[in-house]
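The values are calculated or read from the model by the stated rules, or taken from the named source; none is laboratory data. Predicted model, so just to flag it, every value in this text is computed and none were measured. Cβ: placed from backbone, ideal geometry, glycine included. Neighbour counts: every protein chain shown. Each accessible area value is taken on the protein alone, full model and side chains, heavy atoms only, with ligands, DNA and RNA left out. Shrake-Rupley method; radii C 1.70, N 1.55, O 1.52, S 1.80 Å.
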Amino acid sequence: MTFTVAADANGILPDRMIAAMAEAGLILPAYDFVESQIQPASLDLRLGDIAYRVRASFLPGPGATVAERIDELKLHEFSLADGAVLETNCVYIVPLLESLALPPEIVAAANPKSSTGRLDVFTRVIADGTRRFDMIGAGYHGPLYAEISPKTFPVLVREGSRLSQVRFRTGDAILNADELDALHATERLVDIDDADLSGGVAVSVDLSGEKANGFVGYRAKRHTGVVDVDRRSGYAVEDFWEPISARPDGSLILDPGEFYILASKEAVQVPPDYAAEMVPFDPLVGEFRVHYAGFFDPGFGYAGAGGQGARAVLEVRSREVPFILEHGQIVGRLVYEKMLARPDAMYGQRIGSNYQAQGLKLSKHFRV
């Protein structure tokens, strides 16, 4: 079977085209895909059966392979066949079960899955010869690897665990300013009247507590037990998280090295013919990082897919110094991109999406 896209095509490939890429040999899984592995606009990537503890994070660079760098940097290796614990603040490299044989017109971009980001598991995808994490160039033929470094909780993973996802795109899929304005005019992408659309839909933090009985978020506890990444609703919230109450002045001091789950002030939605990605607002604005898991699938928060607008959950980590967040402070922007075609299943439909119509919500591992 051959796979082609039009020479002038611009957009992110939907679920059925991802399946067609696999049938054509452009995506090469070691085993058949499992249920729900193909998402509306992305493919979940599965861990292989071996992990390498390495001295430090790295990029292979042109002309070098990840396997060569692993040989230089590995401290030890161990099997994931029966599961293994990855300790906090260690760096691991795991070959993935999916490899690629991309045609010259298709590029790929990876990101952590939502549940991975909400556990503060720093995860990036590496390919041979690359200078950038999470970016796989057009025409790439070769294996993929996950770099994994849990930052707060030790995690139990195994062969087949899914921590990352990958999108495939062709051409220039990002909406320009006029296209974004027009889409907002017809679909109301965010539930405020004076939406800031410069460079994407502005997303600010909600520290008022008005939408959750005076509660604004969670701060992760230290020295907790292990979280099994494949175990749903298996853990009590209070064993891993401290609730944060709103302050009268609507501020929150981020302590260095601590991890927080907060929510956006705005409810956002992604219409079915589009996808979105959260990007940092401006690295010069504050010494903090927001949102590991940046992909928003078609249908996120969308009324036709069971949503009524959904607040974006924000994974927030301060850097070297304490930093004061204020209620309504812009922390990121949603950049919208065209889909090459509408997916067969939108976010929240048939795929068991854990976060449709979400408010402030922890990952699927914790009992409500």
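Measure off 7 Å from each Cα along the Cα-to-Cβ vector at Ser57 and Arg232, then give the distance between these two points in nanometres to one decimal.
3.1
Find which of Ala185, Leu119, Thr130 sits farthest along the positive direction of the dipole of the chain, computed with +1 on the beta-carbon of Lys and Arg, -1 on that of Asp and Glu, about the Cα centre.
Farthest towards the positive pole: Leu119.
Any idea how far the Cα center of the stretch 1-50 sits from the one of the stretch 110-127, in Å?
19
Given the convex hull of the Cα atoms of the stretch 33-126, what is a quarter of its surface area in nm²?
7.5
For the stretch 207-212, in order, what is each residue's ³J(HN,Hα) by Karplus, 6.51 cos²θ - 1.76 cosθ + 1.60 with θ = phi - 60°, in whole Hz (x at glycine and Pro)?
Those phi angles translate into 10, 7, x, 5, 8, 8 Hz.
Which links in Lys74/Lys113; Lys338/Lys361; Lys74/Lys265 stretch past 32 Å when you go from one Cα to the other? Please list the in-between numbers first.
Details: Lys74/Lys113 26 Å; Lys338/Lys361 28 Å; Lys74/Lys265 44 Å.
Too far apart for the 32 Å limit: Lys74/Lys265.
Obtain the nm distance between the two label points defined at Thr88 and Asp255 by a simple spin-label model: each point lies 7 Å from its Cα along the Cα-to-C-beta direction.
Here the answer is 1.2 nm between the modelled labels.
Restricting to Cα pairs below 8 Å that are 6+ residues apart, what does the relative contact order work out to for the stretch 177-338? Please round to a whole percent. If you can, show how the numbers build up before the last one.
Working: 331 pairs, mean separation 51.3, N = 162.
Once divided by the residue count of the stretch 177-338, the mean separation gives 32 percent.
Which shape class, rounded, prolate or oblate, goes with the stretch 113-269 when its Cα gyration tensor gives a ≥ b ≥ c as root eigenvalues, a/c under 1.5 marks rounded, and past that a/b bigger than b/c marks prolate?
oblate
Between the DSSP loop rule and a limit of at most 11 other Cβ atoms within 10 Å, which trypsin sites (Lys or Arg not before Pro) in the stretch 77-135 are left?
Values: sites: Lys113, Arg118, Arg124, Arg131, Arg132; in loops: Lys113, Arg118, Arg131, Arg132.
Answer by residue number: Arg131.
Find the percent of Cα-Cα distances in the stretch 177-338 that exceed 22 Å, and round it to a whole number. Let's see the in-between values first.
On the way: 6008 of 13041 pairs.
Percent of Cα pairs beyond 22 Å in the stretch 177-338: 46.
Let me check against my output: what whole-number percent is the relative contact order of the chain, with C-alpha pairs under 8 Å and at least 6 apart? Mind showing how you got there, number by number?
Details: 956 pairs, mean separation 74.0, N = 368.
That works out to 20 percent.
Quick check on the stretch 236-278: what does the Kirkwood estimate of hydrodynamic radius come out to from the alpha carbon pairs, in Å? Before the final figure, lay out each step's value.
Values: mean 1/r = 0.0709 Å⁻¹.
Kirkwood hydrodynamic radius for the stretch 236-278: 14.1 Å.
Assigning unit charges at the beta carbon (Lys, Arg +1; Asp, Glu -1) and nothing else, what dipole magnitude in debye, to the nearest 20, does the chain show about its Cα centre?
On the way: 36 positive and 50 negative charges, 164 e Å.
So the dipole magnitude of the chain works out to roughly 780 debye.
Using a 1.4 Å probe over the heavy atoms of the protein chains, calculate the carbon and sulfur portion of the accessible area of the chain as a whole percent. Walk me through the intermediate numbers first.
Details: 7400 of 15300 Å².
Using a 1.4 Å probe with all protein chains present, the chain comes out at 48 percent carbon and sulfur.
Work out which GluC sites (Glu not before Pro) in the chain are exposed loop sites (DSSP not H, G, I, E or B, at most 10 other Cβ within 10 Å) and give the longest gap free of them.
Working: sites that count: Glu35, Glu320.
Maximal segment without exposed cleavage sites: 36-319.
Within the chain, what percent of beta bridges assigned by DSSP are antiparallel, to the nearest 5? It would help to have the intermediate numbers written out before the result.
Details: 80 of 84 bridges.
The antiparallel fraction comes to roughly 95 percent.
Work out the length of the dipole vector of the stretch 177-338 about its Cα centre, built from +1 on the beta-carbon of each Lys and Arg and -1 on the beta-carbon of each Asp and Glu, and round it to the nearest 20 debye. Don't skip to the end; give the middle numbers.
Numbers: 15 positive and 28 negative charges, 120 e Å.
Taking the Cα centre of the stretch 177-338 as origin, the dipole is about 580 debye.
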